[in-house]
Structure formats: structure tokens, C-alpha cells
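The values are calculated or read from the model by the stated rules, or taken from the named source; none is laboratory data. Keep in mind that this is a model prediction, so the values were computed, not measured. Cβ atoms come from the backbone with ideal geometry, glycine included; neighbour counts cover every protein chain shown. Areas reflect the complete protein model, heavy atoms only, side chains present, ligands, DNA and RNA absent. Shrake-Rupley method; radii C 1.70, N 1.55, O 1.52, S 1.80 Å.
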Amino acid sequence: MYSSRHAGIGWDSVISCEFLGAYKPHPTVYAAAPRLLQLAPEEIMMVAAHNFDLLGARKAGMKTAFVRRVDEWGGKDLSDPINFPDPSHEIIVDSFQELADRLTL
């Protein structure tokens, strides 16, 4: 996997839960990004590999992108429905490169 720098992906910010002192799916976490970035929630896209994270962001008004991580569970059986992306996400991709390609204008 390429890091964002080597893949040419620019970030406005990386906001960590440790920095906020709260953890997902607490609403405080999702409210922080618009406040810190001084943007409306709908101007922000949360990217994750877990539906609960993304559905929390969606509830807060953000756009969502699900990036599958095939090795997330160490090669275990991924047939468990918890590993399937919710179809309501704006973008569902198999890699960060595919996400970058979809976001490139």
C-alpha cells in the first residue's frame, strides 16, 4: 500500500480520536471535523473500512466512502455481513488507489 504522499493524495487534515479525547461512534467525534475544518458537514467525506464509523459520519451529515481492507481480519473468512459495505455510502471501493482515482476531477 502506498502512503498518501507517494500516491499523490492531499489531505486537509487527519483528525484522531486520541486528539479529541472521544471515540467513535460518539457524536462528539463526528462534530469535531466540521468545527475544526470550518466546513459544513456535507463538505466533508469520511473514509473508513467499518460501517459503524461511516454510518455515524452519515448521521452527522458527512459524505462517506467505504474502502475494503481485505486483510483487515488477518485473512479470516469475510463472509460475515459486518464486512460488507452498506450500499448507502457515496463511494465503495477496493483500494485507496481506486478511491483516489474516483475523487480525481
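So the values come out like this:
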read-out	value
Any hit, segment 73-88, residues being among the small types (Gly, Ala, Ser) and either modelled with pLDDT of 90 or more or surrounded by 12 or more Cβ atoms within 10 Å (Cβ to Cβ) (or both)	yes
ALA32 surrounded by 13 or more Cβ atoms within 10 Å (Cβ to Cβ), modelled with pLDDT under 90 and of a type in the set (Gly, Ala, Ser)	no
Among residues of segment 89-105, those that are over 16 Å from TRP11 (Cβ atoms), part of a loop (DSSP other than H, G, I, E, B) and open to solvent by 40 Å² or more (accessible area, probe 1.4 Å), counted	4
For TRP11: the one exception among (1) at pLDDT below 90; (2) aromatic (Phe, Trp, Tyr); (3) not in a loop (DSSP other than H, G, I, E, B)	(3)
Considering residues of segment 37-72 that are open to solvent by 80 Å² or more (accessible area, probe 1.4 Å) and part of a loop (DSSP other than H, G, I, E, B) only, the residue nearest to SER16 (Cα to Cα)	GLN38
Which numbered condition GLN38 fails, given (1) at pLDDT below 90; (2) polar (S, T, N, Q); (3) more than 13 Å from the chain's Cα centre (by Cα)	(1)
